[in-house]
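The values are calculated or read from the model by the stated rules, or taken from the named source; none is laboratory data. Treat the numbers as computed from the prediction; the structure is a model and nothing was measured. Because the Cβ atoms are built from the backbone with ideal geometry, glycine has one as well, and the counts that use them run over all protein chains shown.
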Amino acid sequence: MGAYGAAQDNAGQGRETMEIKTIGIVGAGQMGNGIAHVCALAGYDVRISDISAEALEKAMALIDRNLERQVSREKISAETKAAAMARITTTMTLSDLGPSDLIIEAATERETVKQAIFEDLLPHLSPNTILTSNTSSISITRLASRTDRPEKFMGFHFMNPVPVMQLVELIRGIATDKETFDACLAVVDRLGKTAATAEDFPAFIVNRILMPMINEAVYTLYEGVGSVRSIDESLKLGANHPMGPLELADFIGLDTCLAIMNVLHDGLADTKYRPCPLLTKYVEAGWLGRKTQRGFYDYRGDVPVPTR
């Protein structure tokens, strides 16, 4: 634990942990709908906000399908699924999330977008509302400093796909108090997931290690050391990874990978984090991976085919 984390622990001694009952989620995309799924299943009342009615409809349909898959595998009962779906509501009005005990922002990985969301939320928040971001790399301290409650702000980073992945990174900003940390830790516990506490440095723990590996795999392709297929097979069979690094990059989204590499490069000023020019080129082409049907693989046919 860093010095400021220890200082906040001491400052917060003697306070009771705030109980979270209602959770607001900003963004109905891949991460937002997964977070809503696990929160509703754990008994929280959930409200999802998005600027797109279509995105909200798709999110509800996907949550329904994913819960039904759990029913078919006898992980949950049909009654549990129905109760979870009943706990989720949607809105296109961001201010409707204001009364929530906890808000988890899960919008696109761009700092200006996240800052604008928090700015729009501020006038509508309850005094005790905790603000969190699902950012995978952006400074929590910096995001918190633009709000009226930096002590009630922290990083709440879920892994994708949220219903499957067990880890949640909890990231304290320099001002985050112990009460806020404890309340978020209690949520992670209730979700049946495991928390890893990370200090607020670029890309935290998982992406600080994962993204340079993916970037190095792209350099390996760029320099002609190996083909897409040989690189992915080598890591799957040689390092026992469940998915090759280029396949994983397509799953995450090449735009997200590039954004995180840029955060690392800018924040740490070390050339070892320089994004591979080939990664930049794919993003410029709009080949962002699975979500656009093309990335390091072409997904438009029955079987993914390498694009290089």
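Provide a single number: the residues in the stretch 144-155 that are assigned to a helix (DSSP H, G or I) and closer than 18 Å to Ser100 by Cβ.
3
Tell me, please, whether a residue that is under 27 Å from Val162 (Cα atoms) and under 20 Å from the mean Cα position of the chain (by Cα) can be found in the stretch 216-232.
There is no residue in the stretch 216-232 that is under 27 Å from Val162 (Cα atoms) and under 20 Å from the mean Cα position of the chain (by Cα).
Pro275 passes all but one of (1) without any contact (Cβ under 8 Å) to a residue 60 or more places away in the chain; (2) outside any helix (DSSP H, G or I); (3) not basic (Lys, Arg); which number fails?
Exception for Pro275: condition (1).
Looking at Ile174, is it farther than 19 Å from Gly24 by Cβ and surrounded by fewer than 17 Cβ atoms within 10 Å (Cβ to Cβ)? If you could, list the steps in order and put the result at the bottom.
On the way: farther than 19 Å from Gly24 by Cβ: yes; surrounded by fewer than 17 Cβ atoms within 10 Å (Cβ to Cβ): no.
Considered against the rule, which asks whether it is farther than 19 Å from Gly24 by Cβ and surrounded by fewer than 17 Cβ atoms within 10 Å (Cβ to Cβ), Ile174 comes out as no.
Output the qualifying pairs, or none if there are none: Cβ atoms under 6 angstrom, residues six or more apart or on different chains, first residue in the stretch 149-164 and surrounded by fewer than 23 Cβ atoms within 10 Å (Cβ to Cβ), second residue acidic (Asp, Glu) and modelled with pLDDT of 95 or more.
Short answer, once both residue conditions are applied: Glu151/Asp177.
Please work out if Tyr219 is buried (at least 18 other Cβ atoms within 10 Å of the Cβ), among the aromatic types (Phe, Trp, Tyr), touching a helix residue (DSSP H, G or I) at 6+ places or on another chain (Cβ under 9 Å) and part of a helix (DSSP H, G or I).
It is false that Tyr219 is buried (at least 18 other Cβ atoms within 10 Å of the Cβ), among the aromatic types (Phe, Trp, Tyr), touching a helix residue (DSSP H, G or I) at 6+ places or on another chain (Cβ under 9 Å) and part of a helix (DSSP H, G or I).
Can you tell me which residues in the stretch 222-236 are closer than 19 Å to Val303 by Cβ and assigned to a helix (DSSP H, G or I)?
Val228, Arg229, Ser230, Ile231, Asp232, Glu233, Lys236
Only one residue in Thr108, Thr90 is in contact with a strand residue (DSSP E or B) (Cβ under 8 Å, 6 or more places away or on another chain), touching a residue at least 60 places away in the same chain (Cβ under 8 Å), under 17 Å from Gln30 (Cβ atoms) and not aliphatic (A, V, I, L, M), so which one is that?
None of the others qualify; the one that does is Thr90.
Could you please tell me which pairs satisfy a Cβ distance under 6 Å, a separation of 6+ or placement on different chains, a first residue in the stretch 231-252 that is surrounded by 15 or more Cβ atoms within 10 Å (Cβ to Cβ), and a second residue that is outside any helix (DSSP H, G or I) and not aromatic (Phe, Trp, Tyr)?
Note: pairs meeting the criteria are Asp232/Gly244; Leu235/His241; Leu235/Gly244; Lys236/Gly244; Asp250/Gly289; Asp250/Gly295.
Regarding Leu248, is this residue in a helix (DSSP H, G or I) and out of contact with any His (no Cβ under 7 Å at 6 or more places or on another chain)? Break it down into steps so the answer makes sense when it comes.
Numbers: in a helix (DSSP H, G or I): yes; out of contact with any His (no Cβ under 7 Å at 6 or more places or on another chain): yes.
Yes.
On the basis of being of a type in the set (Val, Ile, Thr), over 20 Å from Met18 (Cβ atoms) and in the same structural domain as Gly29 (by TED's automatic domain parsing), does Val188 make the cut?
In short, no.
Residues to consider are Phe153, Phe204, Phe181; find the one that is touching a helix residue (DSSP H, G or I) at 6+ places or on another chain (Cβ under 6 Å), closer than 27 Å to Leu122 by Cβ and not aliphatic (A, V, I, L, M).
Just a single option satisfies the conditions, and that option is Phe153.
Please state which of the following conditions Val228 fails to meet, knowing it meets all the rest: (1) buried (at least 17 other Cβ atoms within 10 Å of the Cβ); (2) more than 23 Å from Glu111 (Cβ to Cβ); (3) at pLDDT below 95.
(3)
From the list Thr80, Thr89, Thr141, Thr112, which residue is in a helix (DSSP H, G or I), more than 20 Å from the chain's Cα centre (by Cα) and not assigned by TED's automatic domain parsing to the domain that holds Ala249? I'd like the intermediate steps shown before the answer.
Numbers: Thr89 fails: in a helix (DSSP H, G or I); Thr141 fails: more than 20 Å from the chain's Cα centre (by Cα); Thr112 fails: more than 20 Å from the chain's Cα centre (by Cα).
Result of the check over Thr80, Thr89, Thr141, Thr112: Thr80.
Looking at this structure, is Thr176 assigned by TED's automatic domain parsing to the domain that holds Asn128, touching a helix residue (DSSP H, G or I) at 6+ places or on another chain (Cβ under 9 Å) and assigned to a loop (DSSP other than H, G, I, E, B)?
Considered against the rule, which asks whether it is assigned by TED's automatic domain parsing to the domain that holds Asn128, touching a helix residue (DSSP H, G or I) at 6+ places or on another chain (Cβ under 9 Å) and assigned to a loop (DSSP other than H, G, I, E, B), Thr176 comes out as yes.
Could you grab me the full set of residues in the stretch 23-44 that are of a type outside the set (A, V, I, L, M) and either out of contact with any helix residue (DSSP H, G or I) (no Cβ under 9 Å at 6 or more places or on another chain) or part of a helix (DSSP H, G or I) (or both)?
Filtering the stretch 23-44 down to residues of a type outside the set (A, V, I, L, M) leaves 24, 27, 29-30, 32-34, 37, 39, 43-44.
Scanning the stretch 23-44 gives Gln30, Gly32, Asn33, Gly34, His37, Cys39.
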